[in-house]
1. Please go through (1) within 28 Å of Met177 (Cβ to Cβ); (2) at pLDDT below 90 for Val10 and return the number of the only condition it doesn't satisfy.
2. Can you tell me which residue is farthest from Ala211 (Cα to Cα) among those in region 137-163 that are among the small types (Gly, Ala, Ser) and buried (at least 19 other Cβ atoms within 10 Å of the Cβ)?
3. For region 178-196, which positions are assigned to a helix (DSSP H, G or I) and over 23 Å from the mean Cα position of the chain (by Cα)?
4. Inspect region 197-220 for any residue being surrounded by fewer than 17 Cβ atoms within 10 Å (Cβ to Cβ), of a type outside the set (Phe, Trp, Tyr) and either at pLDDT below 85 or under 21 Å from the mean Cα position of the chain (by Cα) (or both) and give the result as yes or no.
5. If I filter region 119-134 for residues that are among the hydroxyl-bearing types (Ser, Thr, Tyr), more than 30 Å from Leu66 (Cβ to Cβ) and in the same structural domain as Leu189 (by TED's automatic domain parsing), do I get at least one hit?
6. Can you tell me which of Glu175, Glu153, Glu132 is farther than 23 Å from Ala198 by Cα, free of Cβ contacts under 8 Å to residues at least 40 places away in the same chain and assigned to a helix (DSSP H, G or I)?
Amino acid sequence: MQRQKSETPVWKLGRSESTAIRVERQIKEALLDGHFVAGDFLGSESDLTQQFGVSRLPIREALGRLEALGVVDIRTGAGGGARIAQGNPERFSEALAIQLKLIGVREEEIFDALLTVETAVAGFAAQAATPEDLVALEAALEKAEGLVGTQQEFTQASMTFRNAVARASHNHFLEAMMQAVVHVLYRSLSPYTTGAVAKSVISRHRALYEAIRDGNADAAQDVVRQNNMLLRKKYLAARDEAAKASAKPAKAAKRAVPARSR
């Protein structure tokens, strides 16, 4: 059944912003208002210049900005033009992770977010996981098991398993949020991932996989809560210990500096 397109948006004149920014903003607003969905043809440069009543330069600038944001795909040549892009949760999650870093989000806040999002994800995954999801989960788990003894590689594989659980939830919003949290958390956890920690993580991942496989949402959520509380406790303790250790040489060096002669 062919989708019935909503009413064509009315492009409006702006006063206090540049032409390119106005075009960009109105196209984004039209998308959010439901005028377009992924794959819809937005128009060629020539089409858009006529629709907006502006020259090619601001249209080109606006499309370039929209393409960089992942809102449109642009093709050149005969039959080319701009189309609304397909969604890409990884692109969104990476951008969100960078913004979280830029605003100075603390590790404690990341762990709070992880507990909230991953608990919900685990419950939905236990209810919605398909046979294909279970195969993907087991494959991710086996890959992580094979990397015990490494550090960055195991941490990345552990995060991949978490993302596989998020995909198994079949909740696109939670999946994107989970990926964003994982982007930030990976770099924080990697320095503290010892062999003993990795084995403990695998054990808890296995318990989560089994709860999802059995369709037991309560058990899946319990595993996630226990895992995150333990992970938070161990990480914060290791971080604080490392901070104290690095502060001692600095204090000793400061005491060793001779007083300036008068």
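The values are calculated or read from the model by the stated rules, or taken from the named source; none is laboratory data. This structure is a prediction, so every number in the text was calculated from the model and none was measured. Cβ sites come from the backbone with ideal geometry, for glycine too, and all protein chains shown count toward neighbours.
1. Status for Val10: all satisfied but (1).
2. Selected residue: Ala157.
3. Selection gives Gly195, Ala196.
4. The answer is no, given that none of the residues of region 197-220 is surrounded by fewer than 17 Cβ atoms within 10 Å (Cβ to Cβ), of a type outside the set (Phe, Trp, Tyr) and either at pLDDT below 85 or under 21 Å from the mean Cα position of the chain (by Cα) (or both).
5. Yes: one or more hits.
6. Glu132
Rundown of residues vs (1) at pLDDT 90 or above; (2) under 30 Å from Asp47 (Cβ atoms), yes/no style:
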{"site": "Glu61", "(1), (2)": "yes, yes"}
{"site": "Leu69", "(1), (2)": "no, yes"}
{"site": "Ile74", "(1), (2)": "yes, yes"}
{"site": "Ala78", "(1), (2)": "no, yes"}
{"site": "Asn88", "(1), (2)": "no, yes"}
{"site": "Ser93", "(1), (2)": "no, no"}
{"site": "Leu96", "(1), (2)": "no, no"}
{"site": "Ile110", "(1), (2)": "no, no"}
